[in-house]
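One structure is given below, encoded as structure tokens.
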Amino acid sequence: MDERSSQTAVGRADGLQPKTIETLQMLRLADKLLSCGVRVYDICLWSGSKTSALQRVGREIHYPSADVDVIHPFILLCHQGMVEDVLIQDLERSGIEVWRNHTFEQCRPCDAETAPETLQIQCAVSGEGQATYVSSYLVGCDGAKSKVRDGIADSRPEDTPHGSVWGVLDGELDTDFPDIWSKTLVTKEFGSVLIIPRERNMTRFYIEAKEASSARILSKELIMDQARRVLGPYRLEWLSVEWFGNYRVSQRVAGRFCDDELRTFIAGDAGHTHSPKAAQGMNTSMHDSWNLGWKLNLAVRGLALRHVLLSSYEDERKKIAHDLIDFDVDHANEIAAGDAQRLAQNFRTHTRFIAGVGVEYGRNKLNDGESDGGLRAGCNLLPARATRRIDANPVHVQLDVPMLGQFRVYFVVPDIRREQAKSFLSAVDSHVTSPSSFLSRISAAARTSYVSKPRPTHHEHRYVRPERYTQVSELFSFCLITRAPKSAFEIQHLPPMFARSPWTVYVDDVEEVSPSGLTLTEKWFGSLSAGEAGIANVRPDGYVGSMAKWDFSDEDAGAKATVWMTDYYGGFLQVPC
């Protein structure tokens, strides 16, 4: 439900960070945005004063490969309305529509006897009066003045005071300023300008007005004049203006992200607000919802220990909100200070967080375990390439399995030709496929759930073929990665949990996986000998949940690995009664 009559037409957010692009790729929604957006690879820093001419004082690569490991080392500039359009079209392909002109008013529990564990949600519908709906859960993505948040006890946000006032302009320019197509910060003693190239030949200007006491007094003309002052002596004329806005920087985090009953949640600006100058808002907000969405899916299906899984949303995303505010306060202060060298260092210090790959969760039931390799519990699965065995296609492994609400369990076995490796995998397979095991019973429950409440389907599934990944389990996608040559084994000779899932068997033979030159095995697990296996449990949102190594010299390694897997998933999942 959306209180607006249409999707965003102008203004608002406009930047997608590398991790967000990967998330959209996992959802098979990134192609249109990648083809239409503007890619920004560098940051230019300019400075001038009363005694020194305006000049470029630095140029930084936005995401240096030595500092951040991403597939797309750029910011993708595309209007928020474009992102909304991609999401709405995907909903419509699945037979789901957005109900517009619905303004949330209040929510209260339904009668405990006639409708237990449900909510009554009241909305005002433009032109139609009041409407009441019944739902198991409510998620408020209704912005900084969230009415949904007002209904959650102890959720009142606390502000971090910040004095700067900014105006924002989107439009086409006529200018001789040389770095208009780079992300550029220009500072002078009376203000700063942040320049962001946009799609459709437009440019966004964030313009600081140090002399303004209130955002309300800033007009479009005043902001344009301020931009000309800061960029002088360069010429700056607007051919057209699509959008103008102004604001005072406010940094705050809500006291709660959910109610005590774990029925009402908030996400996005309802939970946190900050300055827009590091292109974090839309990215953080979408990942709030992404974190919550897969957990709600399991809760609705009765497959979750609700108190554990749903409470982890606030635990994880509130931490990220505070991390974001800590960064934003520091970043906004450096921009306002106008010291180009300190600002460049600020970018370098926070590169991983800005990119999204440094957004890391703390330890909890979902994130548990230590590793001497690159994988870390509560962190994103590292990008790595391998050859898909069935069709010899080189793929990005972390993106290859479509997002179907499944956990991905990666078995990294350097040499599956060894008898000890075969015994290990067979022991794990025997447990996973045994009707009495927890993983087998919860997989059976998930299959029953997806029969009664199937995933939405649309015509593009003809190409994605999601059924390739659900033959063994609707809840788990078991993936095998080996260094053994493609010609050295046949998929049908593998244990059934892999033989029945041929599209998730990979050969780790693509050497140019990263600037470091590491293979997938080395990158994920460090030193892994031919007599060992590594297992990584990856959450539906692409975060590593747990990982461990197993030594084949221990004859019980396979049995111990299955106990370890059961303990992990049993900590937050349940087989419905």
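The values are calculated or read from the model by the stated rules, or taken from the named source; none is laboratory data. Small disclaimer: the values here were computed from a predicted structure and weren't measured. A quick note on method: Cβ atoms are made from the backbone with ideal geometry, for glycine too, and the neighbour counts reach across all protein chains shown.
When residues of region 167-213 are filtered for being within 22 Å of Q80 (Cα to Cα), charged (D, E, K, R) and either free of Cβ contacts under 8 Å to residues at least 24 places away in the same chain or assigned to a loop (DSSP other than H, G, I, E, B) (or both), how many remain?
Of the residues in that region, 3 qualify.
Show me the helices (runs of 4 or more DSSP H) found entirely inside region 400-464 where at least 3 residues are within 18 Å of A499 (Cβ to Cβ). Write out each step before concluding.
Numbers: elements: 419-433, 438-452, 461-464.
The helices (runs of 4 or more DSSP H) meeting that bar are 419-433, 438-452.
Considering only region 449-484, state which residues are of a type in the set (S, T, Y), exposed (fewer than 13 other Cβ atoms within 10 Å of the Cβ) and under 18 Å from A299 (Cβ atoms). So that I can check it myself, show each step before the final result.
From region 449-484, those of a type in the set (S, T, Y) are 449-450, 452, 457, 463, 469-470, 473, 477, 482; that's our starting set.
Filter once more, so that each one left must be exposed (fewer than 13 other Cβ atoms within 10 Å of the Cβ): 452, 457, 463.
Selection gives S452 alone.
Looking at (1) more than 16 Å from A355 (Cα to Cα); (2) in contact with a helix residue (DSSP H, G or I) (Cβ under 9 Å, 6 or more places away or on another chain); (3) without any contact (Cβ under 8 Å) to a residue 60 or more places away in the chain; (4) not acidic (D, E), which is the one condition that is false for H72?
Result: H72 fails condition (1) only.
Evaluate the following for F265: is it in a strand (DSSP E or B), out of contact with any Lys or Arg (no Cβ under 8 Å at 6 or more places or on another chain) and at negative phi? Reasoning before the result, please.
On the way: in a strand (DSSP E or B): yes; out of contact with any Lys or Arg (no Cβ under 8 Å at 6 or more places or on another chain): yes; at negative phi: yes.
When the stated conditions are applied, F265 passes them.
Check whether at least one residue in region 117-129 is aliphatic (A, V, I, L, M), within 30 Å of G15 (Cα to Cα) and in contact (Cβ under 8 Å) with a residue 12 or more places away in the chain, and report yes or no.
no
How many of the residues in region 523-553 are at pLDDT below 95 and under 23 Å from S437 (Cα atoms)?
Looking only at that region, the number is 0.
State all residues of region 58-78 that are farther than 14 Å from K183 by Cα, surrounded by fewer than 19 Cβ atoms within 10 Å (Cβ to Cβ) and of a type in the set (V, I, T); if no residue qualifies, say none.
I71
If you go through region 340-354 one residue at a time, do you hit one that is closer than 30 Å to D259 by Cα and either surrounded by 16 or more Cβ atoms within 10 Å (Cβ to Cβ) or outside the structural domain of E117 (by the TED database) (or both)?
Our first condition is that a residue be closer than 30 Å to D259 by Cα; within region 340-354, this holds for 353-354.
Add one more test, that the residue is either surrounded by 16 or more Cβ atoms within 10 Å (Cβ to Cβ) or outside the structural domain of E117 (by the TED database) (or both), and what stays is 353-354.
Taking every residue of region 340-354 in turn, at least one turns out to be closer than 30 Å to D259 by Cα and either surrounded by 16 or more Cβ atoms within 10 Å (Cβ to Cβ) or outside the structural domain of E117 (by the TED database) (or both).
Please determine whether any residue of region 491-511 is of a type in the set (S, T, N, Q), surrounded by fewer than 18 Cβ atoms within 10 Å (Cβ to Cβ) and in contact with a helix residue (DSSP H, G or I) (Cβ under 8 Å, 6 or more places away or on another chain).
Taking region 491-511 as the starting set, the residues that turn out to be of a type in the set (S, T, N, Q) are 492, 501, 504.
Restricting the remaining residues to those that are surrounded by fewer than 18 Cβ atoms within 10 Å (Cβ to Cβ) gives 492.
Within this subset, residues satisfying the condition of being in contact with a helix residue (DSSP H, G or I) (Cβ under 8 Å, 6 or more places away or on another chain) are 492.
So far as region 491-511 goes, yes, one or more of its residues are of a type in the set (S, T, N, Q), surrounded by fewer than 18 Cβ atoms within 10 Å (Cβ to Cβ) and in contact with a helix residue (DSSP H, G or I) (Cβ under 8 Å, 6 or more places away or on another chain).
Report, by residue number, each residue of region 164-178 that is among the acidic types (D, E), touching a strand residue (DSSP E or B) at 6+ places or on another chain (Cβ under 7 Å) and surrounded by fewer than 19 Cβ atoms within 10 Å (Cβ to Cβ). Let's see the steps before the verdict.
We begin by selecting, within region 164-178, every residue among the acidic types (D, E); these are 170, 172, 174, 176.
After this cut, where a residue has to be touching a strand residue (DSSP E or B) at 6+ places or on another chain (Cβ under 7 Å) as well, the list is 170, 172, 174.
E172, D174 - these are the residues of region 164-178 that are among the acidic types (D, E), touching a strand residue (DSSP E or B) at 6+ places or on another chain (Cβ under 7 Å) and surrounded by fewer than 19 Cβ atoms within 10 Å (Cβ to Cβ).
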